[in-house]
Amino acid sequence: MAVVSVAIFEFAIKSGVSVSMKSGHVRTFKGEEYETILTIETRGNDWIGSLPTDFKIETGQLMKVEPLGEGRMRLRFLGTYAGRSEGVKVGISLNDPLKLLQRLDQVVYSEFVLDTLPLSLLTPVIPRRLTIFGFGDQPTGYPGPGQELYGLDEYHTSGDTKDIIWKRVAKSPDETLIARVREANVKDVIRVGVVQFAARGDDRAEWIDKLCEALGYIGKEILEMGATFTVLYHSPPEVQVQDTERIEEERMLGLNQVRSKDINEVAEAVMACSVAAGSREIETVVSNSDFVITGLKELEDVSMAPLIAEKPMLLIYENASPPSTYSERSVIYSGKENLFPLLRKMLER
């Protein structure tokens with residue numbers, strides 16, 4: 001009887017336990033709750049006891065399980081970390097008819113995608129760049145007489161004090177420092193390269209959360225400045241090119257360039273980057289970027305650090321050694337720093 005019970009149990013497991021839930025693509029902000037209905041079916045083997053004992057969404061924390069009967073239950077999650085979760089992992093405890101054997105199977109329902117957006121994207125985008133309406137006294141760079149158009153903006157510490165227009169400051173009711181913005185020196189597109197290849201284990205979700213917050217903040221600020229936000233990262237293609245003469249083509253196949261002209265496109269770029277596989281093919285990413293976002297662990301790789309440090313770096317804080325060698329070319333971001341001076345510098349280079 002025991003042998004038969006175990007044999008039936010193994011056969012039943014092979015026939016499969018299926019998990020279904022409300023599919024689709026859901027977006028919430030970090031800190032918000034989300035609930036869904038999950039259904040477990042044993043494909044005709046109803047006498048096999050099945051009880052979910054573990055649930056996992058990478059960006060979320062399970063808050064409550066409410067049984068609804070007939071293998072259905074309501075799950076409530078709290079968005080703990082920013083990033084994209086592709087699928088829900090469900091641990092199910094199975095018993096044979098005589099209760100002699102117990103097994104914990106993990107089922108992944110991959111048709112469900114949950115985007116937990118960073119809080120840095122929560123505030124609306126308000127264009128900071130004012131309409132050009134004046135003429136400056138700088139040469140145009142072309143032969144013959146001419147003048148260069150400029151606009152007005154608030155003065156920032158990264159700018160030159162000689163650009164402050166004191167007459168307008170005196171007329172300002174709140175004494176805002178108003179300065180010239182030389183449009184010819186301002187970039188229309190800011191390219192941000194994301195480099196990540198270090199193994200982070202259980203700390204990955206927290207690191208990705210900070211990466212998403214930084215990318216969201218940067219993308220929103222770039223849009224407010226009137227420029228286009230572009231994220232570059234390398235993610236290995238699913239199908240590798242075998243021909244050795246096409247190595248460069250294979251490298252370019254994994255290069256992703258996501259351009260964003262509005263806040264929704266920025267959100268999609270951030271989410272896509274959050275699930276990108278790590279890659280050590282970084283030369284193309286770095287060379288085509290205005291600055292690079294990476295982690296402290298990446299700079300611990302002595303062979304890769306010089307390649308990454310070819311451009312100014314925004315370093316996501318983590319438990320790793322700070323890069324003293326590149327301290328003048330980097331800013332460490334823990335989630336609280338003001339990144340606007342860095343962006344302003346990149347725009348006017």
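Before moving on, here are some points about what is shown:
- The phi-based Karplus calculation (6.51 cos²θ - 1.76 cosθ + 1.60; θ = phi - 60°) puts the 3J(HN,Hα) values of segment 68-81 at 10, x, 6, x, 10, 8, 9, 10, 10, 10, 10, x, 8, 10 Hz, whole numbers, x for Gly and Pro.
- Between E281 and S321, the FRET efficiency from the beta-carbon distance, with R0 = 22 Å, is close to 0.35.
- Proximal lysines to K64, defined as alpha-carbon separation beneath 16 angstrom and excluding residues fewer than eight positions away on the same chain: K56, K89
- At full extension, D160 and L255 could sit 30.5 nm farther apart than now, given 0.36 nm per residue minus the alpha carbon distance.
- Pairs of lysine residues in segment 189-347 that meet both criteria, 8 or more places apart or on different chains and Cα atoms under 18 Å apart, total 8.
- Long-range amide H partners of M225 with built H, under 5 Å: R128
- Put in line by how crowded their Cβ is, counting other Cβ atoms within 10 Å and starting with the fewest, H234, H25, H156 read H25, H156, H234.
- Per residue, the convex hull spanned by the alpha carbons of segment 189-347 comes to 115 Å³.
- Burial ordering of K22, K220, fewest other beta-carbon atoms within 10 Å first: K22, K220
- Where both bridge residues fall in segment 189-347, DSSP classifies roughly 25% of the beta bridges as antiparallel.
Read the figures in this text as sums done on the coordinates, not as results from a lab. Keep in mind it's a predicted model, so treat the numbers as computed, not measured. Reconstructed Cβ throughout: ideal geometry from the backbone, glycine too, with neighbour counts over all protein chains shown.
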